[in-house]
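The values are calculated or read from the model by the stated rules, or taken from the named source; none is laboratory data. From a predicted model like this one, the values you see are computed outputs, not experimental measurements. Reconstructed Cβ throughout: ideal geometry from the backbone, glycine too, with neighbour counts over all protein chains shown.
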Amino acid sequence: MLPTKAPVKTCLLNLLDELVEHDGYGSLKVDIRLLRRGQKEIIIDCGKQYRFVVDFQPANSAGDKGQQGMTD
């Protein structure tokens, strides 16, 4: 796990625990948007909004796809 993702996962798990233990009903919403320069914005909405910006590496870059197609 990358260090930038740890606070997001911790927040998400804590909020989920609070919702499960709550006597009433609740909702949890997660939005993920692509930003520039290899980053994603993650917004966790559970009454309050928690905003995180994390770095990421795309799974397949354009150069990798071209090399995979040339197996002949």
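Among the residues of region 8-30, are any assigned to a strand (DSSP E or B) and modelled with pLDDT of 85 or more? Give the steps one after another, and end with the answer.
Keep residues of region 8-30 that are assigned to a strand (DSSP E or B), which gives 29-30.
Checking the rest, the ones that are also modelled with pLDDT of 85 or more come to 29-30.
For region 8-30, residues assigned to a strand (DSSP E or B) and modelled with pLDDT of 85 or more: present.
Considering only residues of region 38-58 that are of a type in the set (D, E) and more than 18 Å from S27 (Cβ to Cβ), which is farthest from the chain's Cα centre (by Cα)?
Initial filter on region 38-58 (of a type in the set (D, E)): 41, 45, 55.
From the residues that got through so far, the ones that are more than 18 Å from S27 (Cβ to Cβ) too are 41, 55.
On the way: E41: 7, D55: 10 Å.
Among them, the one singled out is D55.
May I ask you to list the residues in region 33-52 that are outside any loop (DSSP other than H, G, I, E, B) and loosely packed, with under 13 Cβ neighbours inside 10 Å? Write out each step before concluding.
Narrowing region 33-52 to residues outside any loop (DSSP other than H, G, I, E, B): 33-34, 39-46, 48-52.
Listed by number, the residues that qualify are R33, L34, K48, Q49, R51.
Among what's in region 53-72 and is surrounded by 12 or more Cβ atoms within 10 Å (Cβ to Cβ) and not β-branched (V, I, T), pick the residue that is modelled with the lowest pLDDT.
For region 53-72, the residue satisfying everything is F56.
Residues in region 8-30 that are under 15 Å from R51 (Cα atoms) and in contact (Cβ under 8 Å) with a residue 24 or more places away in the chain: how many?
4
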